[in-house]
1. What do you reckon, is E83 crowded, with 16+ Cβ neighbours inside 10 Å and either in contact with a Gly (Cβ under 7 Å, 6 or more places away or on another chain) or not hydroxyl-bearing (S, T, Y) (or both)?
2. Within region 149-170, can one find any residue that is exposed (fewer than 13 other Cβ atoms within 10 Å of the Cβ), in a helix (DSSP H, G or I) and modelled with pLDDT of 90 or more?
3. So, in region 11-31, of the ones that are exposed (fewer than 15 other Cβ atoms within 10 Å of the Cβ) and in a loop (DSSP other than H, G, I, E, B), which residue ends up modelled with the highest pLDDT?
4. Being among the aliphatic types (A, V, I, L, M) and assigned to a helix (DSSP H, G or I) is the filter here; which residues of region 171-221 pass it?
Amino acid sequence: MKDNKAIYFPHDTNASTDPKIIGLRVVYGWEAVGMYWAIIEALHKEPTGEIPSNLISLMIIDFYNQEEIRLQVHKTEIAKEMEEYLYANALLVQCNGITTSNRVLENLKNIKEKSIKAQESANKRWHKSTNIKEINNNNANAMRTQCERNAIKINKNKINNNIFNIPSLEEVKKYCEERKNNIDANNFINFYSSKGWFIGKNKMKDWKAAIRTWEVRAIDNKNNAENGIKILHDGTRAILKFGQWVDEKDNSVKIDPHYYPEITK
């Protein structure tokens, strides 16, 4: 990668509440969010906003090799799952072995446009007769890379493919058996059926990802069993008080097994 002069790019203060970022954090932890922004920074350093995808893979694997992973899961496997999540949810875009980000391309385009406007003002001050409009058009076309054009097509296709199909009990059982996670398929189906297949305020998009989230919570609950603490599927921490499971932050809030079937395990 080229060592370019540092540039500033906008980072919304509510970025951490984006549903896709929340999904990344819930499944892979805050470390994955930090890794994502490290990739975004690296993309901004490149004039085209693009990096070979194999280097993205190496960055993620190297990150997990340097961090102590709290879940005893194979490092390469969890790194691969995180990488697939980034592409599947359009946080990163990949085509022809090249990785980029729609946000990065837009930022670099704005930076380029500002640079052109500054040059235009300088030319006017020095009375230089330059066809600025032609320069702007040429640079705007240059910024429209092949990946950006393909990213637009991907987004259009995503609208048509973003239809969620409710899984059958047999599908859930089969997937849980393949992953050997001991998750009760009936509990999973009953729980999300009662919620209209919503996760929080958002309609579920990937039931397999939801099962993997339950797996993470099950591992956390096993690790916290000695302390009488369970971490539920939505992140709520439950603690056993006088034979009753309650919210760790507010002991007056009782945990309802109807909404949290995993509490009975």
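The values are calculated or read from the model by the stated rules, or taken from the named source; none is laboratory data. Please read these numbers as outputs of a predicted model, since none were measured by experiment. Heads up, the Cβs are rebuilt from the backbone with ideal geometry, glycines too, and the neighbour counts pull from every protein chain shown.
1. Details: crowded, with 16+ Cβ neighbours inside 10 Å: yes; either in contact with a Gly (Cβ under 7 Å, 6 or more places away or on another chain) or not hydroxyl-bearing (S, T, Y) (or both): yes.
Judged against the criteria, E83 is a match.
2. Yes; the residues of region 149-170 include at least one that is exposed (fewer than 13 other Cβ atoms within 10 Å of the Cβ), in a helix (DSSP H, G or I) and modelled with pLDDT of 90 or more.
3. Restricting to residues being exposed (fewer than 15 other Cβ atoms within 10 Å of the Cβ) and in a loop (DSSP other than H, G, I, E, B), the top hit is D18.
4. If the condition is that a residue be among the aliphatic types (A, V, I, L, M) and assigned to a helix (DSSP H, G or I), then V172, A185, I189, A209, A210, I211, V216, A218, I219 are the ones that fit.
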